[in-house]
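The structure under discussion is supplied below as structure tokens; questions concerning it will follow.
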Amino acid sequence: MTAGVGELRVWAPDGVPEVVPGDDLVALLTAALRTDADAEPSHALADGDVLVVTSKVVSKAEGRVVAADDRERAITDETVRVVATREHPGGVTRIVENHLGLVMAAAGVDASNTPEGTVLLLPVDPDASARALRAGLAAAFGVRIGVLVTDTAGRPWRQGVTDLAIGAAGVQVLDDLRGQLDTFGRPLTMTVAAVADEVASAAELVKGKASGRPVAVVRGLGHVVTDDDGPGARLLVRTGPDDMFHQGSAEAYAQGWKDALAAEER
């Protein structure tokens, strides 16, 4: 069954086993998707579908697992720069930029949904992971699809966390509406929609954090599925002069004092 105009269908197949380093993730996802389609024929993968895969299973398959007693060292090793720190009763939370350019708590190092005594690092190159999954699944099913690799992150001015795309292949990750007219005929000057992040969040509503369903299928967005792999999710990351919040408030305040003292000494 295809999604109608103005309609989105999202479902999360069951049947993906616990992933361990060295697993063939394409094979595991193919088996789960085929079993799901056998039980519900309308779920058979179709042209224009977008597969959304949680980064945890990608990291596990790629062997991005380290001992838990190295967690702080793992965070440090994954850090390019510290953006902000916040003390709390449980310790100190570090908001940092990691090697992927993502600004996240603990550099994206995760202790959930991983065996006791281990933590997960993000994939080395999530865009490359998405490209490999897309190629393998497209070949297995003979369809034109997009793939997103996602992770969970907080947002500076909003409570709670949401999923966002850290890897993408075959998906238009941004929709630049600047220059188009709104319903009143006024030109849009600022609107660039983060399509990949919106799809990631929609998929998370059916995948969840504790349901054991690490992949979702999103149908109804064939217009954002591209023929080539595209530039990937890296295009979503604000860097350089586009980074309007380069430091946390405490760090910016401290830097201001440092700069003022240096100016007085001159």
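Where the convex hull is taken over the Cα atoms of region 33-132, what is its projected area averaged over directions, in nm²?
Mean shadow area of the hull around the Cα atoms is 8.7 nm².
If you wrap the chain's Cα atoms in a convex hull and average its projection over all directions, what's the area in nm²?
In nm², the orientation-averaged hull projection of the chain is 18.1.
Label GLU18 and GLU198 with points 7 Å out from Cα along Cα→Cβ: what is the distance between them in nm?
Reported label-point gap for GLU18 and GLU198 is 3.9 nm.
Divide by every residue of the chain the summed helix terms, -39500 (n - 2.57) for each DSSP H run of at least 4, and state the resulting mean residue ellipticity at 222 nm, rounded to the nearest 500 deg cm²/dmol.
Value at 222 nm, helices only: -9000 deg cm²/dmol.
For region 95-145, what is the Kirkwood estimate of the hydrodynamic radius, computed as the reciprocal of the mean inverse distance between distinct Cα atoms, to one decimal in Å?
13.1 Å
Determine the gain in length on full extension of the stretch GLU7-ASP38; use 0.36 nm per residue of separation and subtract their C-alpha separation, reporting nm with one decimal.
Here the segment from GLU7 to ASP38 would lengthen by 8.8 nm.
If you take every DSSP beta bridge fully contained in the chain, what fraction is antiparallel? Give it as a percent rounded to 5.
Numbers: 35 of 40 bridges.
Bridges in the chain that DSSP calls antiparallel: roughly 90 percent.
A further question on this structure: Could you pull out every one of the lysines with an alpha carbon less than 30 Å from that of LYS207, ignoring same-chain neighbours closer than 8 positions?
List returned: LYS56, LYS60.
Given the options ASP163, ASP227, ASP151, state which has the largest fluctuation in a GNM of the chain using a 10 Å cut-off (strictly under) for Cα springs.
ASP227
What FRET efficiency comes out for ARG266 versus ARG71 if R0 is 45 angstrom and r is the Cβ-Cβ distance? Round to the nearest 0.05. Walk me through the intermediate numbers first.
Details: r = 43 Å, r/R0 = 0.95.
Efficiency, rounded to the nearest 0.05: 0.60.
Just the number, please: carbon plus sulfur as a percent of the accessible area of region 33-108, 1.4 Å probe, no ligands or DNA/RNA counted.
Carbon and sulfur: 50 percent of the exposed surface of region 33-108.
How much length, in nm to one decimal, is gained on full extension between HIS99 and VAL143, taken as 0.36 nm per residue of separation minus their Cα-Cα distance?
Once the chain is fully extended between HIS99 and VAL143, it gains 12.5 nm.
Can you give the Kirkwood hydrodynamic radius for region 120-165, in Å, rounded to one decimal and based on Cα pairs?
After inverting the mean inverse Cα-Cα distance, the result is 12.4 Å.
Assuming R0 = 25 Å, can you tell me the calculated FRET efficiency for the pair THR226 and VAL124, based on Cβ-Cβ distance, to the nearest 0.05?
Once rounded, the FRET efficiency stands at 0.60.
What is the projected area of the convex hull of the Cα atoms of region 1-77, averaged over all directions, in nm²?
Taking the Cα atoms of region 1-77, their convex hull projects to 7.1 nm² on average.
The values are calculated or read from the model by the stated rules, or taken from the named source; none is laboratory data. What you see is a predicted model, and the numbers here were worked out from it, not measured in a lab. Neighbour counts run over all protein chains shown; Cβ positions are idealised from the backbone, glycine included. Note: accessible area is taken over every heavy atom of the protein model, side chains too, but ligands, DNA and RNA are not part of it. Shrake-Rupley method; radii C 1.70, N 1.55, O 1.52, S 1.80 Å.
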